[in-house]
Structures are given as structure tokens and as C-alpha cells.
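What follows is a short report on a single structure.
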Amino acid sequence: MEIAAFYGFSGLAIISALFILFSRNLIYAAFALFVTFLGVAALYVLAGADFLAVTQIMVYVGGILVLLIFGIMLTQKTDREAVSSTPNQVIVFVKRQFWGFLVGAGLFVFLSYIIATANFRMTGATNMSRSTLKTIGVELMTSHLLPFEIAAILLLMALVGAAYLALNRNPASHD
Amino acid sequence: MINIPVEHYLIVGAALFCIGLAIAITKQHLIGILLGIELMLNAVNINLIAFSRHDPEKIGGQLFALFVIVVAAAEVTVALAIILRVYGHFRTVDPDKVNELKK
């Protein structure tokens, strides 16, 4: 049961990632990324990381993907000739297919070779029966307190920087 | 509980990382490149969480993945703000056509 779920969700994630790679329509690619994130969240659950799975769904699907779709729609040229009966399309052209395929496939072969020959010898029991929520909370507030605070400062700086960068400073320059 | 070997998680992570890299190379759209980068960050998190299974007392891998998610969120907001500025200035989102510093 678990094995079938693992391979099913990994196949779902990889197939929708390949759909992003080969899709011409950027809107469809963004929705395929949604499916990929859901598949990866299911893999987190199968690896015993329940809190990370919920965080993944909330942050990526609820925040980042909505932001990306807003970005796609805000950076689209309006086509005056397009009739409103045709479906909405954001066509993206692809270039450098040869180099993309070569680098991607080459890196995958290289990484697979390394993983196959690594011979990991795991110690420690894989006890995944209890929730990781308490452990994460205690660790974040004790031994990982400094990275936690730095992450808070980073998020504040990103918020201020994004608001400053996206500010329309000179509206007259936009013909 | 049935144990799925850690190599299978690593293979899935490697496949998603390479697909994300190919997306970031081939797409001629700045947001398409951003989609590929998000996919690569997610693939790295799979590796961290797969190794974190064998460390149930101090789950360092999951905490690292949490910080990766935080950094990804910060990165995508700043990148989208920059893309909107570039689009307002050059009227294009093709990274090959943005080839001059100042008009």
C-alpha cells in the first residue's frame, strides 16, 4: 500500500514536471507545478514529515503559486485582435533545446551513477509513528534559535525590498 | 511500517532537479525560469527529508528544509518585483531581449 502510494506520487510529480518542460502554455505550466507540489507534499508525508507537508501546501500552493500566476497575468501583452471566444493562452517560446536536454540528461545520469555507487549505510531507527511537530518546535526554540531569527529578518527585508522594487516611481514614463 | 530505501527518494529528487534545470535553461520567459528554480528548490528538499527519516531525535534535515522554504518564499517575491520592473521598462519578459543596461 505504502509502496504503491510512493511510486504513484513520485510518478505524478515527475510526469507533471515533464509537462511543465514540454508545455507551450505558461498558464498550464503553472497549474502543472501545482500538481507537482502536491505530489512532493505526499512524498513528505510518506517520509514522516507531516509538518513540512502542510507547510509545503500552505506556502507553495497557497502563496508562491498564486504570486507566480499573478506575475504571468501582469506581464502579458494584451492582444487587440484576439477574439474573446478563444481560450486564454500565454505562449512561451523555447530555445536552446539541445543544451537544455544535454545538461539535464547528463546531470541526471551523473547523479544516478553517484547515488547507485554511494552505498549509504544508515544508522538509527526510522521511527515515524509519532508526530514531528513537538520536536520541530523544541528544536526551533532551542538549538536553532539563531537561524530562526535570521529567517524572520530575511522575510522582513524581502517584504520591504519587494514593495520598494515594485513601486511605480515614475508613472509618466509608461507611455 | 514498510521501509522505502533512501535511494529511491534520492532518484526522484535528482529527476525533479534535472527537469527543473532543463526548464530554467530552455524557457524564454522570465517567469518560466522562475518555475524551474522553484522545482529545483523543492527537489533539494526531498533529499533533506529523506535523510532526516533516519534521525528521528533531532530532525536536522526537516529544519533545514523549513529554512529552504523560507528562503524560496523570499526569493520569489523579490524576483517577481524585479520581473515587473523589467517588464515596465523593456516591455518584454524574454531574457534574451533584455540586453542593454540603460536606454
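The values are calculated or read from the model by the stated rules, or taken from the named source; none is laboratory data. Computed from a predicted model, the values in this text were never measured in an experiment. So basically every Cβ, Gly included, is an ideal-geometry build from the backbone, and we count neighbours across all protein chains shown. Calculation scope for accessible area: heavy atoms of the full protein, side chains included, ligands and nucleic acids excluded. Shrake-Rupley method; radii C 1.70, N 1.55, O 1.52, S 1.80 Å.
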Point to revise | Residue among A:Gly11, A:Gly137, A:Gly63 with the largest mean-square fluctuation in a Gaussian network model of chain A, springs linking Cα atoms under 10 Å | key: A:Gly137
Point to revise | Simple Cβ-charge dipole of the protein assembly as shown, Lys/Arg +1 and Asp/Glu -1, about Cα centre, in debye nearest 20 | key: 560 debye
Study note, to complete from the structure: For chain A, averaging the sequence separation of alpha carbon pairs under 8 Å that lie six or more residues apart and dividing by its residue count, the contact order in percent is 20 percent
Review point. If we count every other residue with Cβ under 14 angstrom of B:Ile19's Cβ, Lys/Arg +1 and Asp/Glu -1, where does the sum land?
Key: 0
Point to revise | Crossing angle, helix B:6-26 versus chain B [Cα axis fit, 0-90 degrees, rounded to tens] | key: 0 degrees
Point to revise | On Cα atoms only, tilt of A:2-22 relative to the major axis of chain A in degrees | key: 30 degrees
Revision key, fill the gap. Toy charge model, Lys and Arg Cβ at +1, Asp and Glu Cβ at -1: segment B:37-103 dipole around Cα centroid in debye, rounded to 20, equals 300 debye
Practice item. Provide the convex hull volume over Cα atoms per residue for segment B:20-69, in Å³. Key: 48 Å³
Practice item. Sort segment B:6-90 into rounded, prolate or oblate with this rule: let a ≥ b ≥ c be the square roots of the eigenvalues of the Cα gyration tensor; rounded if a/c is under 1.5, and if a/c is not under 1.5, prolate when a/b is larger than b/c, oblate otherwise. Key: oblate
Exercise for review: Show me A:26-35, B:85-94, A:113-122 ranked by packing, highest mean number of other Cβ atoms within 10 Å first.
Suggested key: A:26-35, B:85-94, A:113-122
Revision key, fill the gap. A student applying the Cα gyration tensor rule (rounded when a/c is under 1.5; otherwise prolate if a/b is larger than b/c, oblate if not) would label chain A oblate
Study note, to complete from the structure: For A:92-103, B:7-18, ranked highest to lowest by mean beta-carbon neighbours within 10 Å, the order is B:7-18, A:92-103
Review point. Which whole number gives the average, over all residues in A:131-143, of C-beta atoms from other chains lying within 10 Å of the residue C-beta?
Key: 2
Point to revise | Average beta-carbon neighbours from other chains, 10 Å sphere, peptide A:157-164 | key: 4
Check your understanding: When the accessible area of chain B is split by element with a 1.4 Å probe, what percent falls to carbon and sulfur?
Key -> 68 percent
**Study point:** Dipole axis of segment B:6-90 (+1 Lys, Arg; -1 Asp, Glu on Cβ), positive-most option in B:Cys18, B:Leu66, B:Ile46
**Key:** B:Cys18
Point to revise | Relative contact order of chain B, defined on C-alpha pairs under 8 angstrom at six or more residues apart (%) | key: 26 percent
